[in-house]
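The structure appears below as structure tokens.
Nothing in this text is a laboratory measurement; each read-out follows from the coordinates by a stated rule. Every value quoted in this text rests on a predicted model; they were computed, and no experiment measured them. Quick reminder, even Gly has a Cβ in these numbers, built from the backbone with ideal geometry, and neighbours come from all protein chains shown.
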Amino acid sequence: MSFYNSMMKLMSRIGRTAIKSLDKMSLDPRGTQEELLMTLLQENSNTEYGKEFGFSEIRSIEEYQKKVPVREYDEFAPYIERMVKGEEGILTASHISHFNKTSGTLGCAKYIPLSQKQVSVTGKYHALHTNAVISSQIGYGWNNGKGINLMEGTAVVLESGATYGSASSVAVKNGPFKNLSSKIYTSPIEAKQPAKGVITRYIHARFALQERKVTYVAATFSSIILEMFRYIEDHHELLIKDIETGTIDESIDFPSEVRESLLKKIKPDPKRAAEIRKVFENWTNEPWALKLWPKLQYIYSAAGANFSPYTEKLKKNILGDQVHIFYQGVSASEGMFSAVYQMDREDSILVPDGCFMEFKDTDDENAPFLTMDRLEKDKSYELIITNYSGLYRYRMHDILRVTGFYNKTPLVVFENRTGYAANIRGEKTSEAAVRYSIEETEKALGLDVWDYSIYSDVDAEPPAYVMLTELSSRPDGVTNEDIRKCLKEKLMLANKNIVHHFEDGYLGDLKLIVLQPETYLLYRDVMIMKGTSASQLKPVHVIRNEFQRKFFFALEEKYGENR
């Protein structure tokens, strides 16, 4: 047995302790949460923020809620700016050696403090607890091979000596198997910690295809996994040739030093190339992943409604029914919120020791802030957190829906962000409604939609919604007008409030833009070139800024009038 397999089994055993601990906490989530909050307040009572709001005098959750305001990032920014420069004791007594860069696309960069305590609790659930859950349900066989791990990230060193980068950069650099990376993951360091502006899609795909014994695939979002697999589908001939000859095609644009470094790690493999060629030579869109990697057992990525279309396409077109889905719990740069307890289920258990959490009913603007023991099944709540790194009653803007309970602790799924995809005349069209209209239009017309966005054109007269879609395929005879009419029909079914706005002319008719092929891939590449981590790029389902508007509106596909 290899050292790696021995370590994974050890982690699974330790992880079972984490499972038992969560089981115990789930019987009294309020008690654990109150104890955690009081500890955080005591530890940080002498910080500038703690003195400002009298942490030392607070004795209960209710007192905390009365004395400490709910705040957003902009209100914490002046404190954080000083921390970035190296000041201590501002928001937290803990030393901050890293600031997470959030996944926002444009605008002012956010610096989210990350303490070692937060790293530890996140690691406990993402590594130990996860390992134990997977091993308990599918055995240890997934350790007998390599993982296609698409998480990547780099960090810069600030003047204070702290680092600044995506949350994934911490995992890549400081993960439990950083020194064994080449032995347990298919992707080399050039993809895991890419130089600025390097598009890693080819590297991940090339090195994944070279490996026969792949047992799992991991990424922050299922959209990233789908993107890589579709890259393999579209470029399999080039990839096969390069694997066969031990080269990197000249069309792949890499800096010379990256190309040279990669070439030292590859050699001709005609046998593997022949195996891959056989899979694709008679391929007719049936699931193919298990034909390439017979040992593949599961994929690991975020759950939530926004990612369900990508996960469903993965299962239907690439993975088939035998590959499990491990939906990672709800977490963010700011903290750890829930942990998965069963494979192939999207919901997960709120973790009482992840951070202190409050919840506000999204259906009632005047609703009180609730602790997790007071939540109700089938209701949606906005999440407010107090974490280990100096954020107090921080408004996440994330909405979680309660699906049930594990003992006395809620099971949740990520539902959405606060706000609406579009709300021009008070019609309040949600992202869920937009997603429904796309999925139902796909079914009705036999389309394969690569990705989509919505834009609220308030400058039009009257104001109007613009739907942007990139199509992978469409049946012959299906025109853009057919798609537009179907989208409008499905959108009105999903949001009854919008119907009379269309009928009364308060909203102009729905507009449709069909985008050029690979528009969304190009957008990702542009953002990566601008310094955004590929692991943190979420799909752009709502166009929210001028850069996005100009980018997508410039790439309309040029067809004949009826196409």
Provide the packing ranking of 53-63, 330-340, i.e. peptides ordered by the mean count of other C-beta atoms within 10 Å per residue, highest first. 330-340, 53-63
Helix-only mean residue ellipticity at 222 nm, the chain, DSSP H runs n ≥ 4 weighted -39,500 (n - 2.57), per residue, nearest 500. What is it? -11000 deg cm²/dmol
Ellipsoid equivalent to the range 214-318 - semi-axes via the Cα gyration tensor, in Å: 26, 18, 12
M357, M529 arranged by Cβ crowding within 10 Å, fewest neighbours leading: M529, M357
Per-residue counts of other Cβ atoms within 10 Å, averaged by peptide: what ranking do you get for 212-224, 69-81, 541-553, highest first? 212-224, 541-553, 69-81
Modelled label-to-label distance, E81 and D344, 7 Å Cα→beta-carbon offset: nm? 5.3 nm
Beyond 38 Å, the calculated P(r) of the chain holds a percent of Cα-Cα pairs equal to 33 percent
If the chain between D448 and K183 were fully stretched, how many nm would it gain, using 0.36 nm times the residue separation less the Cα-Cα distance? 91.7 nm
Once both labels are modelled 7 Å past Cα along the beta-carbon direction, what's the K264-K117 spacing in nm? 4.3 nm
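Given Cα pairs under 8 Å that are at least 6 residues apart, what percent is the relative contact order of the chain?
Reported relative contact order: 14 percent.
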Run the numbers for R417 and D23: contour at 0.36 nm per residue of separation, minus the present Cα-Cα distance, in nm. 138.9 nm
Over 32 Å (Cα to Cα) among K85/K265; K488/K538; K313/K379 -> K85/K265
Starting from the Cα gyration tensor of the range 431-553, take the square roots of the eigenvalues, sort them a ≥ b ≥ c, and report rounded, prolate or oblate (rounded when a/c is under 1.5, otherwise prolate if a/b is larger than b/c, else oblate). oblate
Near E72, within a Cβ-to-Cβ distance under 11 Å, what is the net charge of the other residues, with Lys and Arg +1 and Asp and Glu -1? +2
Normalising by the residue count of the range 313-399, find the relative contact order in percent from Cα pairs under 8 Å and 6+ residues apart. 19 percent
Measure out, as a whole number of angstrom, how far apart the alpha-carbon centroids of the range 235-276 and the range 445-461 sit. 38 Å
Which entries in K117/K360; K124/K213; K291/K511; K196/K443 show an alpha-carbon gap greater than 30 Å? K291/K511; K196/K443
Do any GluC sites (Glu not before Pro) in the range 356-419 lie in a loop, going by DSSP, with at most 14 other beta-carbon atoms within 10 Å of their beta carbon, and if so which? E365, E376
Please work out the FRET efficiency for the pair L493 and I138, using the Cβ-Cβ distance as r and a Förster radius of 35 Å; give the result to the nearest 0.05. 0.35
Relative contact order (%) - the range 41-124, alpha-carbon pairs under 8 angstrom, separation at least six: 25 percent
Counting Lys and Arg as +1 and Asp and Glu as -1 over every other residue whose Cβ sits under 10 Å from the Cβ of S94, the net charge comes to -1
In debye to the nearest 20, the charge dipole size for the range 431-553, taken about the Cα centre with +1 at each Lys and Arg Cβ and -1 at each Asp and Glu Cβ, equals 380 debye
What net charge is computed for the residues neighbouring I384, neighbours being all others with C-beta under 9 Å from the C-beta of I384, Lys and Arg scored +1, Asp and Glu -1? +1
Ranked output for segments 132-141, 29-38 by mean other Cβ atoms within 10 Å, highest leading, reads 29-38, 132-141
Quick check: pseudo-label points 7 Å beyond the Cα along Cα→Cβ at K9 and D253, how many nm apart are they? 4.9 nm
